[in-house]
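A quick write-up on the structure given underneath.
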Amino acid sequence: MTATAPRFGSAPLVRLLLVTTVLLGTVFTVLSGTASAHAALTGSTPEDGAVVATAPKDISLTFSEQVAMGDNSIRVLDPSSKRADAGKIRDLSSGGTVTYGIDLHPGLPDGTYTVAWQAVSADSHPISGAFTFSIGAPSKTTATVPTEEAGGGLVGVLYDIARYISYAGFILLIGGAAFVLGCWPRGASVRPLQRLVVQGWLTLTAATLALLLLRSPYTGSGKLGDAFDLGGLQDVLATKTGAALVSRLLLLGAAALFVAVLFGAYAKRETPRDEEESKERKDLTFGLAVGGTVVAAGIAGTWALAEHASTGIQTGLAMPVDVLHLLAMATWLGGLTALLVALYRAPSIENAAVRRFSRIAFISVVVLAATGLYQSWRQVGSWSALWGTSYGQLLLVKVGLVAVLVGIAWFSRRWTERLGQRAEAGTEAGTGQGAGAENESKAEAEAATGSETGSGTETAAATTVVGDSERATQLARQKAALASARQKRIRDADPGRIGLRRSVLAEAGVAVVLLAVTTVLTSTEPGRTAEQEAGATGGTAATAPATEGPVALTLPFDTGGENGEGTVRITLDPGRSGANEMHIYVDGPDGQPLDVPEVKAAFTLTAQQIGPLPITPEHFAPGHWSADAVQIPMPGDWQLQLTIRTSDIDQTTVDKNVKIG
């Protein structure tokens with residue numbers, strides 16, 4: 001085994017990379033906010049803001065894709081926040097539509113009711129929302145529902161951090177092992193690379209366990225303490241995501257066996273002594289390659305089976321494409337990290353290994369581009385979604401980072417070519433010097449450990465001269481330290497190797513940012529789904545007319561009786577859907593307040609057949625009437641009807657169309 005390389009800096013490079021990865025992942029998680037829903041509520045009966053004459057028997061909700069519902073996923077609250085539903089959710093899906101319903105208590109009184117719902121979409125992300133409807137006429141409601149979206153809060157942040165760390169661990173484990181097996185077999189005996197792969201395995205295992213524990217509060221209560229609730233964990237294990245996480249843990253057990261063989265039996269056969277050992281090493285290499293590929297594909301499949309690729313269109317093709325995408329990403333970025341560790345921490349690395357990785361990285365980039373293009377088309381679907389949705393915008397950022405990474409990789413490839421040319425010319429920076437330094441380091445390391453193969457002679461000679469075995473061991477350690485320092489000076493003096501190290505370090509830095517963007521992207525609603533949701537709701541959120549500030553109107557009136565003429569001024573604040581405050585001012589022909597016996601108002605949305613919604617304002621002051629909590633269910637062109645009575649028999653009704661945002 002090669003001598004351990006000296007440390008550069010106060011902390012190991014691998015640990016520094018992991019800390020940087022975790023911190024940057026935390027920043028991106030906080031900036032990204034709550035994970036967006038990937039399924040959407042496309043309709044309900046009654047509709048949001050609807051006013052019905054009689055109480056319905058049940059409430060139904062329709063979603064854009066399959067969702068998972070729990071026992072308490074739909075709640076209907078009356079104006080006093082008491083449950084108005086029977087508590088049993090029924091699956092009403094049929095004909096390709098995803099619909100769930102819940103029965104209501106019979107004989108519900110008039111008023112405004114709140115429907116709060118929460119579910120888990122097919123790609124494992126939690127969704128939630130609330131809407132209101134009214135029986136008879138809108139009323140003031142005190143129903144309280146959670147203001148925080150599902151998957152938010154501290155639990156949401158911790159869950160997203162664990163997701164990021166799991167991706168990072170997967171990359172280090174798979175990419176590091178692939179680099180050793182496919183590019184630099186001698187690296188199996190290099191301690192820094194061994195630590196890199198093992199730390200990747202530990203990171204992925206710990207993150208998977210954290211995801212499994214956090215899954216229940218993430219999709220349910222949002223309370224961190226529920227992470228250790230056995231009942232909630234049992235419910236998680238029955239879901240698709242829970243099965244995927246458990247499968248990942250089982251596959252990580254097989255990965256542990258693979259790592260043990262790679263750094264055990266395989267590393268010991270580094271230099272075969274005869275043809276038989278050479279054949280055994282080839283057979284072992286083939287077995288590790290096949291077994292490692294199967295395990296790596298299985299681990300990647302646990303993401304593909306539970307997230308974006310498992311929903312939407314063409315899932316049969318999307319899931320294997322997603323597996324290829326993840327494997328190519330791990331091979332490229334994980335191999336890049338392994339190369340960086342080898343350049344900084346290993347005693348030496350053959351130029352041939354660097355060139356082999358350069359070729360593998362090129363193939364990985366081609367696979368990433370092809371699979372990424374398909375995934376982009378599948379998830380975005382249109383140019384408008386590419387520019388007009390959060391998913392499309394994040395995808396553009398990811399493409400830009402990949403372009404930067406490929407540009408830096410071009411410089412790394414040029415440095416690799418220069419190293420290869422110098423090696424062929426027989427310079428000291430080539431493979432020969434690395435092998436000679438390695439052999440020298442080996443001999444000195446064996447002397448330091450008291451090895452029986454060759455070191456015994458040196459130790460005996462040292463004992464003869466000094467007369468003390470402890471002194472001889474100390475001298476051997478000093479010689480090994482001097483040899484390592486001399487080897488470091490030779491390595492660091494090579495301008496080609498310095499340039500390669502710097503360019504690879506820059507690649508690794510961009511790769512950390514790219515991984516953070518990728519993690520945020522996987523928790524963002526795909527552009528195709530976002531457009532479908534907007535289409536299903538008629539694009540109300542994007543196209544609804546809006547007003548600047550309160551609505552203000554002035555209307556003339558004439559009841560036909562004595563003192564029956566005048567004008568009425570109406571203000572509606574804030575002048576949008578939801579609760580508004582309404583003020584009505586009645587003035588006589590002289591412009592002074594006119595105190596009339598009665599004023600009534602009503603709103604009607606003819607396009608949606610809503611209303612009339614009656615409003616009975618209270619007399620506030622002479623000529624001044626007001627009404628609090630005037631409920632406008634939705635934006636649109638509303639017709640305002642105002643009735644003014646100036647005597648027992650004289651009254652009139654005036655109307656005006658009002659655009660409310």
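The values are calculated or read from the model by the stated rules, or taken from the named source; none is laboratory data. Not measured: the values here are computed from a predicted model. Reconstructed Cβ throughout: ideal geometry from the backbone, glycine too, with neighbour counts over all protein chains shown. Heavy atoms of the whole protein, side chains included, go into the accessibility calculation; ligands, DNA and RNA do not. Shrake-Rupley method; radii C 1.70, N 1.55, O 1.52, S 1.80 Å.
Here the stretch 205-223 is the region considered, the condition is being touching a residue at least 60 places away in the same chain (Cβ under 8 Å) and in a helix (DSSP H, G or I), and the residue that is surrounded by the most Cβ atoms within 10 Å (Cβ to Cβ) is TYR218. Kindly indicate whether any position in the stretch 388-398 is at pLDDT below 85, in contact with a helix residue (DSSP H, G or I) (Cβ under 8 Å, 6 or more places away or on another chain) and aromatic (Phe, Trp, Tyr). Checked the stretch 388-398: at least one residue is at pLDDT below 85, in contact with a helix residue (DSSP H, G or I) (Cβ under 8 Å, 6 or more places away or on another chain) and aromatic (Phe, Trp, Tyr). Taken together, the residues in the stretch 604-641 that are free of Cβ contacts under 8 Å to residues at least 40 places away in the same chain, part of a strand (DSSP E or B) and closer than 21 Å to THR54 by Cα amount to 4. When ALA403, ALA353, ALA297 are checked against the criterion of being open to solvent by 10 Å² or more (accessible area, probe 1.4 Å), under 23 Å from VAL198 (Cα atoms) and hydrophobic (A, V, I, L, M, F, W, C), ALA297 stands alone in meeting it. If you check SER247 against the conditions, is it open to solvent by 10 Å² or more (accessible area, probe 1.4 Å), modelled with pLDDT under 90 and either of a type in the set (Ser, Thr, Tyr) or assigned to a loop (DSSP other than H, G, I, E, B) (or both)? When the stated conditions are applied, SER247 does not pass them. Within the stretch 614-632, take every residue that is within 15 Å of GLU581 (Cα to Cα) and open to solvent by less than 30 Å² (accessible area, probe 1.4 Å) and give me the one that is nearest to the chain's Cα centre (by Cα). In this case the residue turns out to be ILE632.
Any chance the stretch 573-584 includes a residue that's modelled with pLDDT under 75, hydroxyl-bearing (Ser, Thr, Tyr), out of contact with any Asp or Glu (no Cβ under 9 Å at 6 or more places or on another chain) and not in a strand (DSSP E or B)? Among the residues of the stretch 573-584, not one is modelled with pLDDT under 75, hydroxyl-bearing (Ser, Thr, Tyr), out of contact with any Asp or Glu (no Cβ under 9 Å at 6 or more places or on another chain) and not in a strand (DSSP E or B), which makes the answer no. In the stretch 642-661, how many residues are surrounded by 15 or more Cβ atoms within 10 Å (Cβ to Cβ), assigned to a strand (DSSP E or B) and out of contact with any Phe, Trp or Tyr (no Cβ under 7 Å at 6 or more places or on another chain)? Of the residues in that region, 4 qualify.
Yes/no matrix, rows are residues, columns are (1) of a type in the set (Lys, Arg); (2) surrounded by fewer than 21 Cβ atoms within 10 Å (Cβ to Cβ); (3) assigned to a helix (DSSP H, G or I); (4) modelled with pLDDT under 95:
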position	(1), (2), (3), (4)
GLY187	no, no, yes, yes
THR203	no, no, yes, no
GLY225	no, yes, yes, yes
GLY232	no, yes, yes, yes
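Sort out which residues of the stretch 546-556 are surrounded by 15 or more Cβ atoms within 10 Å (Cβ to Cβ) and modelled with pLDDT under 80, and write them in order of number. Those that are surrounded by 15 or more Cβ atoms within 10 Å (Cβ to Cβ) and modelled with pLDDT under 80: THR547, PRO550. Can you tell me which residue within the stretch 93-122, out of those that are in a loop (DSSP other than H, G, I, E, B) and farther than 27 Å from PRO138 by Cβ, is least open to solvent (accessible area, probe 1.4 Å)? Applying the filter and picking the extreme gives ALA122. Taking the listed residues ALA346, ALA342, the one that is at pLDDT 85 or above, of a type in the set (Gly, Ala, Ser), under 21 Å from GLU507 (Cβ atoms) and crowded, with 17+ Cβ neighbours inside 10 Å is ALA342, with no other qualifying. For the stretch 293-349, enumerate the residues that are touching a Ser or Thr at 6+ places or on another chain (Cβ under 8 Å), among the polar types (S, T, N, Q) and within 20 Å of ALA243 (Cα to Cα). The answer is THR302, THR311.
Filtered by the rule that a residue be in contact with a Lys or Arg (Cβ under 7 Å, 6 or more places away or on another chain) and either small (Gly, Ala, Ser) or surrounded by fewer than 15 Cβ atoms within 10 Å (Cβ to Cβ) (or both), the stretch 557-597 gives a lone residue, PRO597. If the condition is being closer than 30 Å to THR315 by Cβ, part of a loop (DSSP other than H, G, I, E, B) and open to solvent by less than 50 Å² (accessible area, probe 1.4 Å), then the stretch 65-92 contributes GLU65, MET69, GLY70, SER73.
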